[in-house]
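What follows is a short report on a single structure.
The values are calculated or read from the model by the stated rules, or taken from the named source; none is laboratory data. Please read these numbers as outputs of a predicted model, since none were measured by experiment. Using ideal geometry, Cβ is built from the backbone for each residue, glycine included, and neighbour counts are taken over all protein chains shown. Ligands, DNA and RNA are excluded from the accessible area calculation, which covers all protein heavy atoms including side chains. Shrake-Rupley method; radii C 1.70, N 1.55, O 1.52, S 1.80 Å.
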Amino acid sequence: MKNWSTQNKFLFTVAIALTIGSIFTVIAWSIQAPSQTTSSEINPALCPTMTDNLSKSNSLRFHPIKVVVEPWRGEHHVYSIFALPLQYKEIYYRSQLLVKDTDTPWEVTPTDGLRYGAITPDDHFLVIGFFPTRLTLWYWVSGRFGDLQQPCNWTLHLFPKKS
């Protein structure tokens, strides 16, 4: 009977070790390549149109020049940076940032991009939009973490003055 107990303890220890190892492997695999995508790597024309209420409006749509999704670094490490033409500098505050599969629009704020490693293209200015870390973790748990890393899933709607 004693051998049976020792064998059960060994099997239990192996099962726990395999479970913990599997969990760490999945975590490492899902975060091994943090996304830092620039607009030169994507063609916004190839981005599918998101189906949301704002897509039906007369807004101008922009995709980010850089997306960073690193929630393990703490708050404010899930964001996208957009380059907007200078002609919209006075109305950038009338914009809404949407991420695929969310109903809540977020605001953007101007940035020089230096802290975030983004370079301002000629005749443009940069704005940054942050995505909540808690919601990012929900995306990870629900298996949609990769969606956040895709620039096509981030859309900035800009509402110019109606003439």
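Value of Rg to Rh for segment 88-163, rounded to two decimals, is 1.01; Kirkwood radius and Rg both from alpha-carbon coordinates. Packing-based ranking of 9-15, 86-92 yields 86-92, 9-15, ordered from highest to lowest mean Cβ neighbour count within 10 Å. Protein heavy-atom accessible surface, 1.4 Å probe, per residue over segment 86-163: 61 Å².
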